[in-house]
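The values are calculated or read from the model by the stated rules, or taken from the named source; none is laboratory data. Note that the coordinates shown come from a computational prediction; the quantities given were computed from them, not determined experimentally. Here the Cβ positions follow ideal geometry from the backbone for every residue, glycine too, while neighbour counts run over all protein chains shown.
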Amino acid sequence: MHSILSFILTISLVVIVHEFGHFLVAKIFKVSVEKFSVGFGRALYKKKIGLTEFSLRIIPLGGFVQFYENVEFEGLKLFESISLVKKSLIVLAGPLINFIFAFILLLFLNQGEQFKVIPQITAINSQSIAAKLGFKINDIIVSVNDNKITSVNDHNKALIELANKDLTYKLLRNNKKITITINSSDRIDLKRSQINRGSPNGLYFFPSSINSVEISNVVSGSPAEIADIRKNDRILSVDNTTIFNSSDLVRLVNGKADELITIKVMRNSELLSISLKPRIDTDNIRNVGVIGVMIKQNLDDKNKYINFFKFSSLEIFYKSFYDVINGIKMVFKSFMHILTGNIDWRLLSGPISIAELSSETLSMGIITYLSFLVFLNINIGFLNLLPIPTLDGGQLFFYMIEAGLGSPLKRKNMIISQRVGVIILFLVFTLAVYNDVFNLMIN
């Protein structure tokens, strides 16, 4: 239920922002708006204010602003009666305000003390390509394909930008420079097998490490309490799979509902093996296993891995602006890599993934949730600019054709293209839902 409510809240916020962009610019041009809807289908609630009916509808997967098509009474200004430039600006306002909203959120997020996680390797999966090629714990990544790396975030961005290429790492090891190359054929960082693993090609960074996942609380009456797992225990492995971070533990436990598992913990320098059965979490959107503990990452000497700093007022403005621009670039590159096959198309996420991320980020605090909203607004803004009929970008494309021809497309051709657009969007939506369902099954 929490996932569903989080999803409705999150999508509604993004939709309201998007449709408000269309509505606001229409009002600036004095165009009469008939309906402002959040959601599709049957109206759950509606209220007319002035000429506009505002409504909340049953299917929370989008929304729309509808303009009057006929002069029903005196005083209406029709959308079709305004210039092509004004029409284009009204259509463009939806995606644009998603970007503006992301910028405003970033102005808040970039306030106060900031930090960068140093790209120093804290753990390596012993079965990974990174281990085979000779990466070592405490290696610091200096560059990837001559792109300077100053943070883990820089490293993650570089992997997407270099999705189809060999990766040549320059590392600093004991004050000596080391070069290691991962061939593109050996990379798994953008493949389905990497979903929810959090370790690109087997590399882990702060706060991930062996012996870093600590129990901060045990729920009364839970499987963990019954099995005698205690506060301050450190989780080492689940069924002999090493645990490097909280995500590893959650993923493994989630997939073992009502099955016997063995958890190895470190308690006051004593290694213990504890067997228990995770119970099914009925509150989750899927039937996952839980053991009833709260966990935290507790890597010793954390200041060694983090650089703290603050932006000036001017830097906050510029940083927020360029974060939006870089976000758009990153979404574009990811989109192109999916189209060309450089990134596994099965990583495309749908509403179920958004629901889970909404729930998780809300649980992690307002800062994490607002960061997720930034990401989502940039993605929604970009996707709506794609030249697909029924999307804003498709409508803008039609206006460009109309400007070139000097007259609008024939109605018949418009209807056909819009039907094609609906089919394309339905196929993409179906694919995203399929990926979500498949990921539920394998995780």
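Residue check: is residue 176 modelled with pLDDT of 90 or more, over 20 Å from the mean Cα position of the chain (by Cα) and under 30 Å from residue 336 (Cβ atoms)? So residue 176 fails the test.
Scanning the stretch 36-55 for residues that are in contact (Cβ under 8 Å) with a residue 24 or more places away in the chain and surrounded by fewer than 17 Cβ atoms within 10 Å (Cβ to Cβ) yields 40, 51.
Quick grid of which residues meet (1) surrounded by 14 or more Cβ atoms within 10 Å (Cβ to Cβ); (2) in contact with a strand residue (DSSP E or B) (Cβ under 9 Å, 6 or more places away or on another chain); (3) under 24 Å from residue 245 (Cα atoms):
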residue	(1), (2), (3)
130	yes, yes, yes
135	yes, yes, yes
141	yes, yes, yes
149	yes, yes, yes
155	yes, yes, yes
163	yes, no, no
166	no, yes, no
175	no, no, no
181	no, yes, no
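Among all positions in the stretch 82-92, there is at least one residue which is touching a residue at least 40 places away in the same chain (Cβ under 8 Å), outside any strand (DSSP E or B), closer than 30 Å to residue 316 by Cβ and in the same structural domain as residue 384 (by TED's automatic domain parsing).
Just one of (1) within 30 Å of residue 152 (Cα to Cα); (2) of a type outside the set (Val, Ile, Thr); (3) at pLDDT below 90 fails for residue 257. It is (1). Give me the residue from the stretch 244-258 that is touching a Lys or Arg at 6+ places or on another chain (Cβ under 9 Å) and under 15 Å from residue 214 (Cα atoms) and, out of that set, surrounded by the fewest Cβ atoms within 10 Å (Cβ to Cβ). The qualifying residue surrounded by the fewest Cβ atoms within 10 Å (Cβ to Cβ) is 247. Total residues in the stretch 199-233 satisfying the condition of being in contact with a strand residue (DSSP E or B) (Cβ under 6 Å, 6 or more places away or on another chain) and without any contact (Cβ under 8 Å) to a residue 40 or more places away in the chain: the figure is 2. Taken over the stretch 295-310, residues that are loosely packed, with under 13 Cβ neighbours inside 10 Å and of a type in the set (A, V, I, L, M, F, W, C) amount to 2. Contact annotation: residue pairs with Cβ atoms under 7 Å, 6 or more positions apart or on different chains, pairing a residue in the stretch 160-176 that is within 12 Å of residue 145 (Cα to Cα) and in the same structural domain as residue 142 (by TED's automatic domain parsing) with a partner that is surrounded by fewer than 19 Cβ atoms within 10 Å (Cβ to Cβ) and among the basic types (Lys, Arg), are 161/333; 170/177. Out of the residues in the stretch 1-35 that are surrounded by 14 or more Cβ atoms within 10 Å (Cβ to Cβ) and in contact with a Lys or Arg (Cβ under 6 Å, 6 or more places away or on another chain), state the one that is farthest from residue 67 (Cα to Cα). This residue is 29.
Taking each residue of the stretch 1-30 that is farther than 23 Å from residue 281 by Cα and in a loop (DSSP other than H, G, I, E, B) and looking for partners that are modelled with pLDDT of 90 or more and not β-branched (Val, Ile, Thr) with beta-carbon atoms closer than 6 Å, six or more apart or interchain, yields 29/86. For residues that are in contact with a strand residue (DSSP E or B) (Cβ under 8 Å, 6 or more places away or on another chain) and among the aromatic types (Phe, Trp, Tyr), scanning just the stretch 28-69, find the one that is farthest from residue 80 (Cα to Cα). Top of the filtered list is 45. Please work out if residue 59 is modelled with pLDDT of 90 or more, of a type outside the set (Lys, Arg) and either in contact with a helix residue (DSSP H, G or I) (Cβ under 8 Å, 6 or more places away or on another chain) or under 23 Å from residue 377 (Cα atoms) (or both). Taking the combined requirement at face value, the residue does not satisfy it. Screening the candidates 269, 313, 273, 320 for the property of being closer than 14 Å to residue 229 by Cβ, among the small types (Gly, Ala, Ser) and either out of contact with any strand residue (DSSP E or B) (no Cβ under 9 Å at 6 or more places or on another chain) or surrounded by fewer than 19 Cβ atoms within 10 Å (Cβ to Cβ) (or both) yields one hit, 273.
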